[in-house]
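The values are calculated or read from the model by the stated rules, or taken from the named source; none is laboratory data. Computed from a predicted structure; not experimentally measured. Here the Cβ positions follow ideal geometry from the backbone for every residue, glycine too, while neighbour counts run over all protein chains shown.
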Amino acid sequence: MSDEFDQIVDAPFDDALSQRYLVYALSTITARSLPDVRDGLKPVHRRLLWAMRLLRLDPASAYKKCARVVGDTIGKYHPHGDQSVYDAMVRLAQTFSLRYPLVDGQGNFGNVDGDNAAAYRYTEARLTATAVELMAGLDEGTVAFRPTYNGEEEEPEVFPGLFPNLLANGASGIAVGMATSIPPHNVAELIDAASHLIDNHAAEPSALMDFVSGPDFPTGGVIVDSAEAIAGAYATGRGGFRVRAKWETEDQGRGTWVAVVTEIPFQVPKAKLIEQIAALISEKKLPILADIRDESDEQIRIVLEPRSRTVEPQVLMDSLFRLTDLEVRIPLNLNVLDANRTPRVMSLKEALSAWVDFQIEVLVNRSKHRIGKIDDRVELLEGYLVAYLNLDRVIQIIREEDEPKPVMMAEFALTDRQAEAILNMRLRSLRKLEEMQIKKERDALIKEREELQKLVDSPARQRTRLKKDLAALRDRYGLDTELGRRRTLIEEAGPAREIPLEAMIEREPITVIMSQRGWVRAMKGHVDLANPDAMKFKEGDGPAFAFHAQTTDKILLAAQNGRFYTLGADKLPGGRGFGEPVRLMVDLEGEGNIVALMPAAQNAKLLLASSDGRGFVTSAAGAIAETRKGKQIVNLRAGATLKVVRQIGAGDDYVASIGDNRKMVVFPLTELPEMGRGQGVALQRYRDGGLSDATTFAFSDGLSWSMGGESGRTRSEPDLSAWRTARGAAGRMPPMGFPRDNRF
C-alpha cells in the first residue's frame, strides 16, 4: 500500500491544472476540431472514410448499415462516442450541408427543416465518387501511415487524392482558444485558381479573384457583398459573407402578387425560419405582411403574402432581410493545420498554395513508389530470361540437386529473389511464347521507369503533369455539369434598408375623438364632426378633442405636467362603442389633465405656454416619445401647469397672449426661442392671476374670433398695432367684442 502513496507528488494546483489543460487544448486543436490544409478533413471524417474504404463500400457496391461503419470506426480507429461519430457521418451525407457529399446515404439523413437523421440501425451508406477521388493513391505509397490508437492496425495520416476538399466542402469547428469556419466553394473555380498558382507561384492574392468569385453554397442563395469586401476577406483569411435568400414575385391576377422564396441561406433550418416570420406576423411587428405558407417539396417554396397589393415587394423583402434569417452573415476564418500540424489562419492563396505543394509531393511519392515496383518486377523478369536461355540446365539442377537454389545462384549469378521466383514458376509457363512476352514487358517497364525518373528529377514536368491531372478533374466537375454548376449567385447589394414603420402601415383616413374623461377612439374615414351620431359619449362625459388624421400619423398628447406622449394612429381602438381609456396606452398621471391632442405634422412647430406666462417654440418631431412613459418637454415652476399647445401656421409671424386679468400683448414670433426642452421665456407680465391663452397669427391678417351664439358669425380686428409691444409687457385690454372666456 505504501508504494502507491510513494508515487503521489505534491505540486502547486495552478501548475498541475495548466499543464493538464494544455494537453487537452492541444489534443482538441490538433486531433479533433481543425481540418488539415492538405485534405480538408478532421480525424473523425478521415477515419470514417478509411473504415468505409476497408469495408469496400465503393459507389458500385451495395449499401451497408451505418451501425456497421460506426462500429468499425470506433472499434479500430476512433475511440470516441458512437453518437458523435454517427453525427459526423450524417453530415458527410447531407446534400444541403456539403457542396460535394462524401457519403452516399440511403434512408433518413435529416432534412433542411432541421430534423434529425434516423438512428444508425435504420440507415445505410456507401462512398461517393468524390470520396473515392479524395482517397485515390492510398495504395501507391503517396502518404505516410501511422499505427491506430491500440497499435493493431494502420491508418493514413492524410488522404492524397486530387480533390480540393478543404475549400470545396468547407469546415467549421471550435477548438480551445481558436475556431475555424470555412464556407464551401466551387471545385471548377478552385481548380482554375490552383492552375494559375502552379504557373505563377508569386501571383498577387487579388489575382485569384479572377477565378474564385466567392463561396458556393449547396443551398444556393445570393451573396450580396461587394467584390472588394470578398477580396479583402480572402486576402486575410478572416471576414464574412452576407448571404440572402433567393426570391421572386408571382403575379396572382387583378393586381395582386406574392413573394416566393426558392433558396434560403446556408445552414438556416427552414422550419425555424418560418417560425421566425410567423412570429413577426402574430406579434404585429411587420404589418405589411399578411401570411406565410410553406409549399416546399424537394424544392424550397416559401410563399409570402403582403397585406395589400399596394405594398412594395422590395420594401417587404428588405424588412424581412433585416428582421429574419432570410439574410445571414456566414463567417470566414480560414484556420487550419498546416503540413507540420501547426494551426494558423491562412489566406485563400496560402491555403491553395499549400494544397498544390502537397499534390506535387504526392505526385513525386507516387512516382518513386512506382519506380520501386518497376525495379522489383524488372529484377524478376531478368531472372526469368536467364531461366529460358538455360532451360535444360535449370531443369537438370532442379532434378538432381537437393538444394537447387544456391547452385543456381552460383552458376547463373542470380539474386535470392530471382532464384526463388524461378523455382516457383509453373510448368505450363515454360512455353517458347513466354520469352517474347517477358522481353516485351521488361522493355515497356524500363521505358516507363525512364519517364518516371524524369518526372521525379524535373519540377517543371511535375507542374505540367499536375495541371494535366487537374484539367481532367475539372472536366468531371465543370461548371456545365449538374454537380459542378455554380449554385450561389454573387450580386452586390447594399445593407437592407431600415424601413420606417410608417411605410409598413396602410394610409387610411380616420377621425380621432377623445372625451373629457380621456376615452379615445378612431372612426374610419373623415367623419363630419358636427354630426351628433359620431359624437356619442358615456353618460356624464362629453367631447374634448376631435380631428381628422391618417393611420400613418403619430398623435401627440400633452399633459398639464409638461410631459408629451405619443399614440400610433393605427393602434387606436376602433370607432364602435366609446373607445378605451388612454391611460391603458400611456403612463398618464392624474385624471382630466390632458391639455392637447393633435397629429404630429411633419416639420411642424408648436407654441408651448405655461400658466405662469412662460413659453417657447418646439418641433412636433422632437416631441414624439418612443416609450409609454412619454417625454418631459416643458419644465414647470412650482404651482404652474402647461396651458397652451398650438401648432404654428405656415405664414404666422406674431404671437398674441392674453391673461386672466384680460390684458393682451402682441409681439414678433422671432422673440421666442426654439428649444427641445426647458422653461421658456416670459410672454407677458401679470400682477395677479396667470396666462389664459396664447396663439400665433399673421400680423398682416390680424386676429379673428367667433362671436358665438347661433348666428355663427366671426369678428376680425385687422389692425393690432395698438397692442404690439415687446415680449414680457403687461399689455392692454383686448379689442371690443373679444370673447369673455379670454380664448382666441
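Here are the numbers:
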quantity	calculated
Complete set of residues in the range 415-432 that are without any contact (Cβ under 8 Å) to a residue 12 or more places away in the chain and under 14 Å from Leu385 (Cβ atoms)	Ser429, Lys432
All positions within the range 560-587 that are crowded, with 17+ Cβ neighbours inside 10 Å and in contact with a Phe, Trp or Tyr (Cβ under 7 Å, 6 or more places away or on another chain)	Phe578, Gly579, Val586
Condition check for Gly622: at pLDDT 85 or above, among the small types (Gly, Ala, Ser) and not assigned by TED's automatic domain parsing to the domain that holds Tyr565	yes
In the range 16-52, the residues that are under 36 Å from the mean Cα position of the chain (by Cα) and among the charged types (D, E, K, R)	Arg32, Asp36, Arg38, Asp39, Lys42, Arg46, Arg47
Criterion violated by Phe159 - all others in (1) under 17 Å from Arg46 (Cβ atoms); (2) within 21 Å of the chain's Cα centre (by Cα); (3) in a loop (DSSP other than H, G, I, E, B) satisfied	(2)
Lone qualifier among Thr142, Thr130, Thr180, Thr148 - being within 31 Å of the chain's Cα centre (by Cα), of a type in the set (S, T, N, Q) and over 30 Å from Ser296 (Cβ atoms)	Thr180
Those residues of the range 457-478 which are exposed (fewer than 14 other Cβ atoms within 10 Å of the Cβ) and under 28 Å from Gly220 (Cβ atoms), in sequence order	Ala471, Ala472, Asp475
Failed condition for Ile281, given (1) surrounded by fewer than 13 Cβ atoms within 10 Å (Cβ to Cβ); (2) in a helix (DSSP H, G or I)	(1)
Residue in the range 226-243 that is more than 29 Å from Val345 (Cβ to Cβ), touching a residue at least 12 places away in the same chain (Cβ under 8 Å) and buried (at least 21 other Cβ atoms within 10 Å of the Cβ) present	no
All positions within the range 206-251 that are farther than 17 Å from Ala493 by Cβ, assigned to a helix (DSSP H, G or I) and of a type outside the set (A, V, I, L, M, F, W, C)	Ser206, Asp210, Gly232, Tyr234, Thr236
Matching residues in the range 1-50 - criterion: being at pLDDT 90 or above, over 30 Å from Gly170 (Cβ atoms) and not in a helix (DSSP H, G or I)	Pro12
Subset of the range 332-355 [within 21 Å of Asp192 (Cβ to Cβ) and part of a loop (DSSP other than H, G, I, E, B)]	Leu334, Met346, Ser347
Filter result for Ser610 (touching a residue at least 60 places away in the same chain (Cβ under 8 Å), among the small types (Gly, Ala, Ser) and outside the structural domain of Gly518 (by TED's automatic domain parsing))	yes
Any pair with Cβ under 7 angstrom, 6 or more apart, that starts in the range 9-33 at a residue that is without any contact (Cβ under 8 Å) to a residue 60 or more places away in the chain and ends at one that is part of a helix (DSSP H, G or I)	Ala31/Pro43
Residue that is farthest from Glu498 (Cα to Cα), among those in the range 303-331 that are outside any loop (DSSP other than H, G, I, E, B) and in contact with a Ser or Thr (Cβ under 7 Å, 6 or more places away or on another chain)	Pro331
Residue match in the range 266-278 (condition: in contact with a helix residue (DSSP H, G or I) (Cβ under 9 Å, 6 or more places away or on another chain), hydrophobic (A, V, I, L, M, F, W, C), surrounded by 14 or more Cβ atoms within 10 Å (Cβ to Cβ) and assigned to a helix (DSSP H, G or I))	yes
Residue within the range 286-309 that is of a type outside the set (A, V, I, L, M) and in contact with a Gly (Cβ under 9 Å, 6 or more places away or on another chain) present	yes
Condition met for Glu189 (touching a Ser or Thr at 6+ places or on another chain (Cβ under 8 Å), in a strand (DSSP E or B) and within 22 Å of Phe96 (Cα to Cα))	no
Given (1) out of contact with any strand residue (DSSP E or B) (no Cβ under 7 Å at 6 or more places or on another chain); (2) more than 30 Å from Gly574 (Cβ to Cβ), number of the condition Ile490 does not satisfy	(1)
Tally, over the range 617-647, of residues that are surrounded by 16 or more Cβ atoms within 10 Å (Cβ to Cβ), assigned to a loop (DSSP other than H, G, I, E, B) and not small (Gly, Ala, Ser)	3
All positions within the range 51-74 that are of a type in the set (Lys, Arg) and outside any loop (DSSP other than H, G, I, E, B)	Arg53, Lys64, Lys65, Arg68
Of residues in the range 126-149 being part of a loop (DSSP other than H, G, I, E, B) and out of contact with any helix residue (DSSP H, G or I) (no Cβ under 8 Å at 6 or more places or on another chain), the one nearest to Leu466 (Cα to Cα)	Ala136
Members of the range 183-220 that are touching a strand residue (DSSP E or B) at 6+ places or on another chain (Cβ under 7 Å), surrounded by fewer than 23 Cβ atoms within 10 Å (Cβ to Cβ) and not polar (S, T, N, Q)	Gly220
Helices (runs of 4 or more DSSP H) contained in the range 356-441 and holding at least 2 residues of a type in the set (A, V, I, L, M) and touching a Phe, Trp or Tyr at 6+ places or on another chain (Cβ under 9 Å)	416-423
Leu381 hydrophobic (A, V, I, L, M, F, W, C) and at pLDDT below 95	yes
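Residues checked against (1) touching a Cys at 6+ places or on another chain (Cβ under 7 Å); (2) assigned to a loop (DSSP other than H, G, I, E, B); (3) under 16 Å from Met523 (Cα atoms):
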{"site": "Phe578", "(1), (2), (3)": "no, yes, yes"}
{"site": "Leu588", "(1), (2), (3)": "no, yes, no"}
{"site": "Ala596", "(1), (2), (3)": "no, no, no"}
{"site": "Gly615", "(1), (2), (3)": "no, no, no"}
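Residue-by-condition table, conditions (1) surrounded by 22 or more Cβ atoms within 10 Å (Cβ to Cβ); (2) under 21 Å from the mean Cα position of the chain (by Cα):
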residue: Thr95; (1), (2): no, yes
residue: Val103; (1), (2): yes, no
residue: Asn108; (1), (2): no, no
residue: Asn111; (1), (2): no, yes
residue: Ala117; (1), (2): no, no
